[in-house]
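Just so it is clear, none of the values below were taken in a lab; they were calculated from the coordinates. Predicted model, so just to flag it, every value in this text is computed and none were measured. Glycine gets a Cβ as well: all are built from the backbone with ideal geometry, and neighbour counts include every protein chain shown.
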Amino acid sequence: MIIQAELKCKQTGCEADPCAVDKVIELPSPRFRQFSRALLADYDFIAENKNAIRHDDDARHCLLILDAEGMDGFLVDPQGHNYARYSAFVPNARSLLMPDMGIDRSYLSPAEPWRDESRDEMLRMTLRVNGKPDYTLVLPADEEYLDAVKAYLDI
């Protein structure tokens, strides 16, 4: 049997907080792995859901971020930020879900190509409507990405 765990050297005790899951969010496996390796980066799924977290003194309220193809997850209390300010890895988190808990699967749909947070080289493009500048897009400057944008926009 293999269990994912974060072992601590010479841990003298455990001071676990009661945590209430206010929202469950499922991510595609590649995005979940990216998140798990860079918890302090800003993420749209945290920014768009941080206001769904309630605040009271009975428990620490959190988002539960799940791997769509796995069992594990992370509890996240962003404290109003767009990153996992407080987080805890939860092995086999999916098995803890109650039958009445809804799961936000909106982040499973193919992401728009401009949502790739790992790109740095940018290209500015102005789209024209009736011969006048109308929209300015800021895009990563590589062919693969531009092809994906063109396919998405059907241009």
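Tabulated values for the structure
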{"quantity": "Options F32, F89, F45: the member that is hydrophobic (A, V, I, L, M, F, W, C), in contact (Cβ under 8 Å) with a residue 60 or more places away in the chain and touching an Asp or Glu at 6+ places or on another chain (Cβ under 7 Å)", "calculated": "F89"}
{"quantity": "Failed item, numbered, when E69 is tested on (1) touching a helix residue (DSSP H, G or I) at 6+ places or on another chain (Cβ under 8 Å); (2) surrounded by 21 or more Cβ atoms within 10 Å (Cβ to Cβ)", "calculated": "(2)"}
{"quantity": "Given (1) more than 14 Å from P78 (Cα to Cα); (2) under 13 Å from the mean Cα position of the chain (by Cα); (3) surrounded by 10 or more Cβ atoms within 10 Å (Cβ to Cβ), number of the condition R37 does not satisfy", "calculated": "(3)"}
{"quantity": "Every residue from the range 15-34 that is farther than 26 Å from P99 by Cα and crowded, with 16+ Cβ neighbours inside 10 Å", "calculated": "Q34"}
{"quantity": "Hey, I53 of a type in the set (A, V, I, L, M, F, W, C), surrounded by 19 or more Cβ atoms within 10 Å (Cβ to Cβ) and closer than 19 Å to S109 by Cβ or not", "calculated": "no"}
